[in-house]
Amino acid sequence: MTNQPSMKVQQLVFAFYMSGLMSLLMSGVITAINTGLAIGFVQRWLPAWVVAWAVAFPLVVLVAPLARRMSDTTIRVLSRIRGRGAR
């Protein structure tokens, strides 16, 4: 028996970090565009990030399987196209 976490746990941990980092960066960029990097930027950014993360995490959990299927399909199609071109 292994001590490896289940695939579901790994996917949730990945979604947690991915959504946290992406929402942090995106909310920072959007806050900077909308209000500038003036005094009080961090005080405007952090509440925006908390809201963004609260939305992003469940969305990543729900959308990741669809994105995975879409990327798998794209790779299969590109592989077929590339295989035809090599002939």
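The values are calculated or read from the model by the stated rules, or taken from the named source; none is laboratory data. Here the structure is a predicted model, which means the values were calculated and not measured. Cβ placement follows ideal geometry from the backbone for every residue including glycine, while neighbour counts extend to all protein chains displayed. The accessibility values were calculated without ligands, DNA or RNA, using every heavy atom of the protein model including side chains. Shrake-Rupley method; radii C 1.70, N 1.55, O 1.52, S 1.80 Å.
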Two pseudo-spin positions, 7 Å from Cα along C-beta at Val77 and at Leu21, lie apart in nanometres by 2.8 nm
Taking Cα pairs closer than 8 Å and at least 6 residues apart, the relative contact order of the chain in percent is 33 percent
Projected convex hull area of the stretch 1-84, Cα atoms, direction-averaged, in nm², equals 9.1 nm²
Out of Leu25, Ala56, Gln10 - ranked by how far each Cα lies towards the positive end of the dipole of the chain, with unit charges on the beta-carbon of charged residues - the top one is Gln10
Heavy-atom accessible area per residue of the chain, all protein chains kept, 1.4 Å probe, expressed in Å², is 82 Å²
